[in-house]
Structure formats: C-alpha cells, structure tokens
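To start, the structure under review is shown below, and the notes come after it.
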Amino acid sequence: MTYEPDQTLTTRQGHPVRDNQNTRTIGSRGPATLENYQFLEKMSHFDRERIPERVVHARGTTAFGYFESYGTWGDEPISRYTRAKLFQEKGKRTDVALRFSTVAGGRDSSEVARDPRGFAVKFYTEDGNWDLVGNNLGVFFIRDAIKFPDFIHSQKPDPVNFEAGVANRAFDFFSQSPEAMHMIMLVFGPRGIPADYRHQQGFGVNTYRWVNAAGESKLVKYHWVPKDGVKSYTSEDAANVQAGTLGSHTKDLYDAIEAGDHPEWELRVQLMDDHDHPELDFDPLDDTKVWPEELFPPKPVGRMVLNRNPENFFAENEQIAFGTGVLVDGLEFSDDKMLVGRTFSYSDTQRYRVGPNYLQLPVNAPKAKVATNQRDGQMAYHVDHAPGQNPHVNYEPSITGGVQEAPKGDDYHAEVGPEIGGRLTRARIERTNDYKQAGERFQLQEEWEKEELIANFVDALSQCDRPIQERMVWHFYMVHDELGRRVGEGIGVSLEDVKDLGPLPTQRLSEEELQRVANLG
Ligand code: HEM
C-alpha cells in the first residue's frame, strides 16, 4: 500500500495520527498515562456515539429525491386551492428526504413486524421546509393526543420484565378504546405487514388546510400512491424473513436505489369545504376516519422519486427530524386534536434527542435562507446571520443593523382561520361513530382476507386475559356480526358471554348502534 498524503488520518484537532495501533505507554507493557490526548479523544467520542433513539419510530431508513408538481389537475390550476409555491408550476421540482420506519420496536428491531409504517417526507422548498409526517394505513388508533403516551406504553415492552409484543397489554388498551377498531382492522389484516418500504402507500392521516392567494381555505388530506403497487407479507412470510435478517426493508430500499431502480409515488389530495360538515356521519377532523373517495375524489398533484441513498446513516437518518408544525405559506393546520398535540411533541423530543440546534444540521436545515436571533445552546454550529447583518445585534427591533420583519407587501397574507367561540371544556367530538368504517372494511373484504384477519386476531387474543377477550369480541360484534362470531369461535367466547357488556362508560353510541346492541342475540 502506498502512502497518499490526502488520506492521512488525523485527530479532530487536525493533528496527523502516526500510530493508531498502540496506546502511548511507559514501556511496551504500560502503564498508560492520562495526558494521552489522542487516545482520550478517540475513546471519549466513541463513548458518546449513540444518541437517544426515537421514543417511537426508532427503526427506520432515509432516502432522498425530488417532488415534481403537475401544476394542474385536468383544466384546474392547483393554485386555485393553494398558493404554496412548490405546487404552482407544472414540472417544478423540490428536493425531498423521506424516512420510512416501523413504530413500536427499538432501533435494531425487526422490520417485518405487524405494525404501521411511518412515511415522513421533508420538502426543502424555496419558502423553507415542509414536513408531511404520515403512515402507510391512512387512519390512526386514537383521535386525541392526550391518549398518545398511554397508547404507546401499551405497545412497548413490559416495564418490569421488558417482555416485548405482549398482546395482553395492547388489547387491554384497545378494548377500552373503541376509536381504535378501524385502525386495528388494518393492522391485523393482510396489509398489516408491508413486504418492503417501496411497495406501500403513504398518507398524511391528519387533516390540514390549503389556502389560496385570496385567503380561501379547504380542508385537505394527503395520499401517496406507489407506482409499483402494494405488496404485503402474511405472518408466516414475515417469520421466515425475520429468521434471516431484521433489516430486510432497509436493505431492499438501499439496494434498489443503488441499482438505479428508483421508487416513485404519486401525491393525491382530497379536498373538502372548510367547515364541520354536519351532513357527514363522521367529523372531518377525526383521524380514525377516511373520507369516502366517491364524495371526495383524490386529485393527483405531483410525483415523488427517490434516487439517492444517504452517505451516512447516522447523520442523515438518526439525526433527521420531522414535525407536523413544519408548514410553508399556503399550507395550514386544522383543529384536528391529534395534529395539534403532535405539533408540540415532535420538536420537543428533537430538542432533547438531537439537541437544541438540531435545525442547523445539514439534513434538517432548510435550503431557503435562515436569519434568526436564536443564539448559542449545545452544539451551536454557526450563527444565523443575515448577509450584511451587524453581528452585535442579536435582537429585534433595532435601528442599528439587525434582522428585520419581512415587509407586509404584495405577497403578504393575513392569518386565516375559523372564528371560534365556546367554553373551555374536556369533551369527545360528537360524531365518534367508531364502528361504521371498520364494519365497511370488513364487509368489503374477500374471504381469504377475512380468514387472515380473523386468524391474526385469534392468535393475538388467545394470549389475552378472559375479560379482555370478551370486551374485544363485544367490539367485534359492534363492527360486524360475522367478525364477532368468527373471532369469538376462535377463542371460545360466545355472544351469550358478551351481550350484556354494553357500551363502555366513556362511549357514546349512535341510535343505530344502540339498536344493534339491543338486538344482539
Ligand atoms: C415519530 C409523537 C401520532 C407518524 C414521532 C416521534 C414522536 C411522535 C415523539 C419521535 C420523533 C423524533 O424523535 O424525531 C407523536 C404523538 C402523536 C403521534 C404525540 C399523537 C398525538 C402520529 C401519527 C402519525 C405519526 C397519527 C401518522 C400519521 C410518525 C412518524 C414518525 C413519528 C412517521 C417518524 C418520523 C421520523 O421518521 O423521524 N411521533 N406521534 N405519529 N411519528 Fe408520531
């Protein structure tokens, strides 16, 4: 091997390392000395190589590419509905990063777990970053963010013996959370284990708003449709894959991109007038519901291609940070109670997990100009000066050369949003309707799909305590008689055993649902 000066190993202080094999010691057999700077630097950095893993979605992988806007759908310009710059022109490209993940497992856990998949897209737009942090199933288990820590605890290992995947814990929670019925139909159904990250859908799940240049708004839901279709595993397929590797999804994505087989998704949006839609039997701000496509047809707005792998897994996957609060002009929040809670949680955890200056890291920094008066903190990497700014002025307002508010010029849009009145309260939304869409999902399934769903429920519930089994069978009867009967038969719980259980104390059933309970049996 010839010596290449450019390849010289150095310390982080820039000192050339002339011996990386032997610790400096007194005599060849030691002892070592404490002034051994090179050794101490190397070892103490190693000691700090790990950062806390994500509290959820710890196992994941990132790829990069671009989003290309269609500019119109049919004869309509997208600008009629949103003024967000990335959508305005046909063919306009915006760089993206996409992190796929599983939810419940730790950083080295299996990628073929029966679990939703995270689908988080960061758009590096000219107006700053936009993050769309979604999943592959389109709905969620709960509709109020205050339940999230409890929900996640029920999915995580037992806090005493650290046993993972304990069905009794998960179904204890589900059996008291009827809003989860729709989501568990998906998680335990044939789509519950994607075959890889490339052949799966993505959804924004929560309801957002689009706002146009005139300040008019629509409610919006986002859908990503994979060009190469959806592929899933049965529990048996997954067990076979998992016997050989825990990281099959990451490897599949990495290898495909390296081989030039670039995965692609189409982005479609469903739009709804911006009000509470009393005519619907669900609330448009409820993330346990889908919007029927015959009423709200998805409109294609662009496509996304992933064509580049990370150069370093840690820098670009472990340190990437997404949040639901990261929106650009023309894209807005709604009052969806999950979305509001999520928006606090993401950047809060990232200040802890990555550090208060996480937005200065290249993978998180916007490609748009950044000029703030935020200073200091752990690992401050540089100062966010505006070009020509007086570096002494780190406050605003100032007449001595600091940064200034953007002018309220032609491109300024006043805040929009509903007028809100009402008492401070703690209350469920009115239209909970927890079983209807779950029942429709069941009815639409082919017999092989029902068999897989039921087998998966029977397998999980047979590991649960009897009162939890009974409560779940009661819910399944509410979803669909056939589901209740067939799961019940699988675990030895009859209609007679459950029909007097009745609604949960926290549950409000529709007239139709109450009638069903009365008629059971
Ligand atoms: C990650 C909180 C609901 C999708 C995370 C993280 C937290 C969190 C703390 C870790 C973030 C990090 O360390 O960088 C919450 C809370 C929720 C909620 C409080 C409800 C109130 C949801 C829902 C979805 C979702 C409904 C899907 C629509 C994701 C994804 C990630 C994630 C995809 C991984 C992001 C990445 O790849 O870095 N969530 N979450 N979460 N969450 Fe949520």
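Size of the dipole of the chain about the Cα centre, Lys and Arg at +1 and Asp and Glu at -1 on the beta carbon, nothing else charged, in debye to 20?
For this selection, approximately 1400 debye.
Give me the percent relative contact order of the chain, please, defined on Cα pairs under 8 angstrom at least 6 residues apart.
Once divided by the residue count of the chain, the mean separation gives 16 percent.
Taking the Cα atoms only, what angle lies between the long axis of helix 235-244 and the longest principal axis of the chain, rounded to 10 degrees?
20
May I ask you to order 238-244, 295-301, 198-204, 107-113 by the average number of other C-beta atoms within 10 Å around their residues, highest value first?
Going from most to least packed, we get 198-204, 107-113, 295-301, 238-244.
So for the range 273-410, taking the charge dipole from beta-carbon charges (+1 Lys/Arg, -1 Asp/Glu), which of PRO300, GLN319, GLY388 sits furthest toward the positive end?
Result: GLY388, furthest along the dipole toward the positive end.
So what are the ³J(HN,Hα) numbers for the range 184-189, from phi and the Karplus equation (6.51, -1.76, 1.60; θ = phi - 60°), rounded to whole Hz, Gly and Pro as x?
6, 4, 7, 5, 8, x
Hey, what's the per residue convex hull volume over the C-alpha atoms of the range 378-521, in cubic angstrom?
Considering the Cα atoms of the range 378-521, their hull volume per residue is 326 Å³.
Please rank ILE468, ILE51, fewest neighbouring Cβ atoms within 10 Å first, as an exposure proxy. Let's see the in-between values first.
Numbers: ILE468 21, ILE51 13.
Listing ILE468, ILE51 from fewest to most nearby Cβ atoms yields ILE51, ILE468.
Let me make sure I get this right: for the range 267-353, a, b and c are the square roots of the gyration tensor eigenvalues over alpha carbons, sorted descending. Under 1.5 in a/c it's rounded, otherwise prolate if a/b > b/c, else oblate. Which is it?
oblate
What Kirkwood hydrodynamic radius, in Å, does the range 206-341 give when the mean of 1/r is taken over all pairs of distinct Cα atoms and then inverted?
18.2
Long-range amide H contacts for GLY134: which residues qualify at under 5 Å (H placed 1.01 Å from N, peptide plane, sequence gap of 5 or more or a different chain)?
Residues meeting the amide H criterion: PHE119, ALA120, VAL121.
Work out the charge dipole of the range 424-521 with +1 on the Cβ of Lys and Arg and -1 on the Cβ of Asp and Glu about the Cα centre, then indicate which of LEU461, VAL487, LEU504 is farthest towards its positive end.
Working it through, the farthest residue towards the positive pole turns out to be LEU504.
In nm², what is the average projected area of the convex hull enclosing the Cα atoms of the range 172-214?
5.5
Placing +1 at every Lys and Arg Cβ and -1 at every Asp and Glu Cβ, with all other atoms neutral, what dipole size does the range 320-397 have around its Cα centre, in debye to the nearest 20?
For this selection, approximately 280 debye.
Quick check on the chain: helices-only [θ] at 222 nm, where DSSP H runs of length 4 and up contribute -39,500 (n - 2.57) each and the sum goes over total residues. Nearest 500, please. Intermediate results must be reported in sequence, preceding the final value.
Working: 13 runs with 134 residues, N = 521.
Roughly -7500 deg cm²/dmol at 222 nm, from the helical runs in the chain.
Which order, highest average first, do 250-262, 427-439 follow once you tally other Cβ atoms within 10 Å for each residue and take the mean per peptide?
Details: 250-262: 14.6, 427-439: 18.6.
Order by mean packing, descending: 427-439, 250-262.
What are the ³J(HN,Hα) values, in whole Hz, obtained from phi via the Karplus relation 6.51 cos²θ - 1.76 cosθ + 1.60 with θ = phi - 60°, for each residue of the range 399-406 in sequence order, with x given for Gly and Pro?
10, 10, x, x, 6, 10, 4, 5
Could you tell me how many degrees, from 0 to 90 and to the nearest 10, lie between the Cα long axis of helix 466-479 and the main elongation axis, the longest principal axis, of the Cα atoms of the chain?
Approximately 70 degrees, to the nearest ten.
At a temperature of 25 °C and a viscosity of 0.890 mPa s, determine how fast the range 100-178 diffuses translationally according to Stokes-Einstein, using the Kirkwood radius over alpha-carbon pairs as Rh; express D in µm²/s, rounded to the nearest whole number. Mind showing how you got there, number by number?
Numbers: Rh = 14.5 Å.
The diffusion coefficient I find is 169 µm²/s.
Taking the Cα centre of the range 155-281 as the origin, how large is its charge dipole in debye, to the nearest 20, when only Lys and Arg (+1) and Asp and Glu (-1) carry charge on their Cβ atoms?
120
Relative to the first principal axis of the alpha-carbon coordinates of the chain, what is the inclination of helix 447-461, with its axis defined by its Cα atoms, in degrees from 0 to 90 and to the nearest 10?
The angle comes out near 80 degrees.
What number do you get for the range 128-228 when its Cα radius of gyration is normalised by 2.2 N^0.38 Å, N = residues?
1.33
Starting from the alpha-carbon convex hull of the chain, give the projected area averaged over all orientations, in nm².
33.0
Quick one: what do you get for the range 434-488 if you divide its Cα Rg by 2.2 N^0.38 Å?
Taking N as the residue count of the range 434-488, the ratio is 1.07.
Assign one of three labels to the range 32-160, namely rounded, prolate or oblate, based on the Cα gyration tensor with a ≥ b ≥ c the square roots of its eigenvalues; rounded applies when a/c is under 1.5, prolate when it is not and a/b is larger than b/c, and oblate otherwise.
Taking the square roots of the gyration eigenvalues as a ≥ b ≥ c, the range 32-160 is oblate.
With a ≥ b ≥ c the root eigenvalues of the C-alpha gyration tensor of the range 318-396, is it rounded (a/c under 1.5), prolate (a/b larger than b/c) or oblate?
Cα axes put the range 318-396 in the prolate bin.
FYI, it's all coordinate maths here, none of it is from the lab. These figures come from a predicted structure and were not determined experimentally. Note: ideal-geometry Cβ built from the backbone for every residue, glycine included; neighbour counts use all protein chains shown.
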